[in-house]
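Okay, structure first, notes after.
No lab work stands behind these numbers, since they all come straight from the coordinates. Nothing here was measured: the structure is a model prediction, and the numbers come from that model. Neighbour counts are summed over all protein chains in view; Cβ atoms, including those assigned to glycine, are modelled from backbone coordinates with ideal geometry.
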Amino acid sequence: MTVTYPEVFWLFVIVAVVIPMLVWKYRRGRRDLERLGSEVWSRELANVFLVKSFFRGLCTVLFFSFVILGLAGFHWGRRPIEEDRSGIEIVFAIDVSLSMLAEDVGPNRLERGKDIVRSVVQDFPESRFAVVAFGGRAVPVLPMTEDGYAVQSLLSVLSPETLTSPGTDIERAIESALDTFPEGSARHQALVLISDGEYHTGNPSAAARSASARGIPVFSITTGSEQGSSIPLTGGGVVETHDGEMVRTRANPSAMRQVAEATDGLHLSAGEGEVFSRLREGLAGYTERRDRDGFRLASVPRYRLFLALALLFLVLENALRIVRWRRIL
């Protein structure tokens, strides 16, 4: 069982607020009933009102609870989905933040990442490719295409100047990459994430769960070293803080590895000599396994179950309000 959006559970605060409101509403209604007539008559109405209030309140609480559970995106169980065996769709999510200019891998982190993309394009000529550039935000800069030359041309101009937003948000990068895949496509699909793993906002694990729910593996490539490096500027010098201290950027392979493992993908370091061959073998092995099986196993979303239960309790709550229980009790 997986939960795509666990942060939605914070909405249970609404349920915690609704319960005392229901209690207050019941007490106010009971006081109103006591003013209606004789003591016997008021007591009989109070008994009916108590039962109806309890069950209506219970239905209201369950309605909100199941709506929240539906929004959380529960998945459990797997079902086979027939696949089109005519190639693979690959989205490259490339970090173009300023830290990618660090030279702890040659010639620098960004250029090393570009070389990896070029290698994949050459090794999979019959595939389709798209590119997402990201920093503090993520932007699809090339839609899905079979034109490998278009990818090569884009790489030549991709730089930190491509995006002006500071920082790095890997969660947005993965979400934007997932949105780039064509809807309804049955082809094999994979996401190649190229970054130093240093992020300032977002939650990469949450986006990885979304990719896993769609059956899309993330092949994460960490560029840079954990020891870190300064960030050279184009006009000379290095990036410094307001106090004049040199900024040192360090790669975060742990975050990149967690994303790959959560999606049944592969994590590699751009600094290792076999990164090109291992990535090629990983992508090829993924497609060959899918071609051999003829289908893939995708986790089954269960939000419909929770929303159906929420609708049921909403109908029951309205039915309890309409039914004349005085004749029943």
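Of note:
- When the chain is treated as a GNM with alpha-carbon contacts under 10 Å, the residue of V218, V61, V96 showing the greatest mean-square fluctuation is V61.
- Counting neighbouring beta carbons within 10 Å and listing from fewest to most, the residues V323, V192 come out as V323, V192.
- Distances between placed amide hydrogens fall under 5 Å for A93 paired with V132, V192, L193, I194, all partners being 5 or more residues away or on another chain.
- The chain: calculated mean residue ellipticity at 222 nm from DSSP helix runs of at least 4, using -39500 (n - 2.57): -15000 deg cm²/dmol
- Beta bridge orientation in the chain: antiparallel %, DSSP, nearest 5: 45 percent
- The calculated FRET efficiency for the pair A308 and E103, based on their C-beta separation and a Förster distance of 51 Å, comes to about 0.35.
- Look at the alpha carbon pairs under 8 Å that are at least 6 residues apart: their mean separation over the length of the chain gives a relative contact order of 25 percent.
- Normalised size of region 81-299, defined as Cα radius of gyration per 2.2 N^0.38 Å with N residues, equals 0.98.
- Ranked list, fewest to most other Cβ atoms within 10 Å of each Cβ, for F219, F313: F313, F219
- Cα gyration tensor shape for region 52-199, rounded if a/c is under 1.5, else prolate or oblate: oblate
- Listing V139, V117, V23 from fewest to most neighbouring C-beta atoms within 10 Å gives V23, V139, V117.
- Candidate membrane-span-like segments in the chain, meaning DSSP H helices with Cα atoms spread over at least 30 Å of their own axis and a Kyte-Doolittle mean of -1.0 or above, are 12-34, 39-71, with no membrane implied.
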